[in-house]
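Asker: Dropping the structure in here first, questions after.
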Amino acid sequence: MSRRHELADGLARTRERIARACRAARRDADEVTLTVVTKYFPASDVRLLADLGVTDVGENRHQEAQEKAAETADLGLRWHYIGGLQSNKAAAVARYADVVESVDRRKLVGGLSRGAVERGAVLPCLLQVSLDPPEQGEGRSGVHPDDLAALAEAVVAAEGLELAGLMAVAPLGADADQAFARLAVITERFRADHPDATVLSAGMSGDLEEAIRHGATHVRIGRAVLGERPSVQ
Ligand SMILES: *Cc1c(COP(=O)(O)O)cnc(C)c1O
């Protein structure tokens, strides 16, 4: 099978899963945007995906994202930065990313704002909220739900940034359905203060059904579309 056929096949299966999950949740399939996570895969795959109708792509490492976005600048894709972010790289990411989904602390806000202003475009930002159980100190990254309101205010106040919504990753080994049920409660409270920040990015290859059941507007899918990532990074 050619690479194009493999990707077309992965995309068709993924879109069918999204459609089925939306039907089960009595939601319209066009309420959910598919972001294809292309990390570790070459720019040639990004090009094939764009040709197959993909509009949104995600990357989690600054240098790789920057290079791929530059190599495929002619395609008009929306680049989602979804990875851990060092504050000294924030301005650089804001210069090519169309959305930053992983804003999890105030220290990032200054750099993102500076990069967005230099670029002359408003940068939509999602706050990455931690769904780790409270007793489990060190988990995946994200702002603690208690600190979400203050971080949201910092983004709202920053020049060049737009508070667009929330992002989350289900904790490793946890029940995704329970984790995303908690996320739905957090999201409802958050939207009471920020009604225009309607994006909810949740759900990966292994748990997109649970995320859609609990209100995800964007799913971030890598392996189910592109296949297993090379294990050496
Ligand atoms: C890699 C990654 C994904 C995609 O994961 P898959 O299991 O390959 O679908 C989604 N979100 C984030 C934050 C990631 O780093």
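Asker: Taking the criterion of being open to solvent by 30 Å² or more (accessible area, probe 1.4 Å), at pLDDT 95 or above and within 15 Å of the ligand (Cβ to nearest atom), would at least one residue in segment 189-198 satisfy it?
Answerer: no
Asker: Considering segment 87-101 alone, what residues qualify as being within 16 Å of the ligand (Cβ to nearest atom) and among the aliphatic types (A, V, I, L, M)?
Answerer: Those that are within 16 Å of the ligand (Cβ to nearest atom) and among the aliphatic types (A, V, I, L, M): 93, 97, 99, 100.
Asker: Which one of these is of a type in the set (Gly, Ala, Ser) and within 16 Å of the ligand (Cβ to nearest atom): 84, 76? First the steps, then the outcome.
Answerer: On the way: 76 fails: within 16 Å of the ligand (Cβ to nearest atom).
Within the list 84, 76, the selection yields 84.
Asker: Consider segment 1-39. How many of its residues are open to solvent by less than 50 Å² (accessible area, probe 1.4 Å) and either touching a residue at least 40 places away in the same chain (Cβ under 8 Å) or within 16 Å of the ligand (Cβ to nearest atom) (or both)? Talk me through it step by step, then tell me what you get.
Answerer: In the first step, residues of segment 1-39 are kept if they are open to solvent by less than 50 Å² (accessible area, probe 1.4 Å); the result is 7-8, 10-11, 14, 18-19, 21-22, 25, 27, 32-39.
From the residues that got through so far, the ones that are either touching a residue at least 40 places away in the same chain (Cβ under 8 Å) or within 16 Å of the ligand (Cβ to nearest atom) (or both) too are 7-8, 10-11, 14, 18, 21-22, 25, 27, 32-39.
Total satisfying the criteria: 18.
Asker: What are the pairs with Cβ atoms under 6 angstrom where one residue, in segment 76-91, is part of a loop (DSSP other than H, G, I, E, B) and the other, located anywhere, is at pLDDT 95 or above and open to solvent by 70 Å² or more (accessible area, probe 1.4 Å)? Sequence gap at least six, or different chains.
Answerer: Within 6 Å, the pairs are 83/61.
Asker: Can you pull out the residues in segment 68-88 that are surrounded by fewer than 17 Cβ atoms within 10 Å (Cβ to Cβ) and at negative phi? Please lay out each step first, then the result.
Answerer: Going through segment 68-88, the residues surrounded by fewer than 17 Cβ atoms within 10 Å (Cβ to Cβ) turn out to be 70-71, 73-76, 78, 84, 86-88.
Residues satisfying the conditions are 70, 71, 73, 74, 75, 78, 84, 86, 87, 88.
Asker: Can you name every residue in segment 161-182 that is part of a loop (DSSP other than H, G, I, E, B) and open to solvent by 20 Å² or more (accessible area, probe 1.4 Å)? Break it down into steps so the answer makes sense when it comes.
Answerer: So the first thing to find is which residues in segment 161-182 are part of a loop (DSSP other than H, G, I, E, B), and the list is 168-175.
Across segment 161-182, the qualifying residues are 169, 172, 173, 174, 175.
The values are calculated or read from the model by the stated rules, or taken from the named source; none is laboratory data. This is a predicted model, so every value here is computed, not measured. In this analysis, Cβ positions are derived from the backbone assuming ideal geometry, glycine residues included, and neighbour counts consider all displayed protein chains. Heads up: the accessible areas ignore ligands, DNA and RNA and are worked out on the full protein's heavy atoms, side chains in. Shrake-Rupley method; radii C 1.70, N 1.55, O 1.52, S 1.80 Å.
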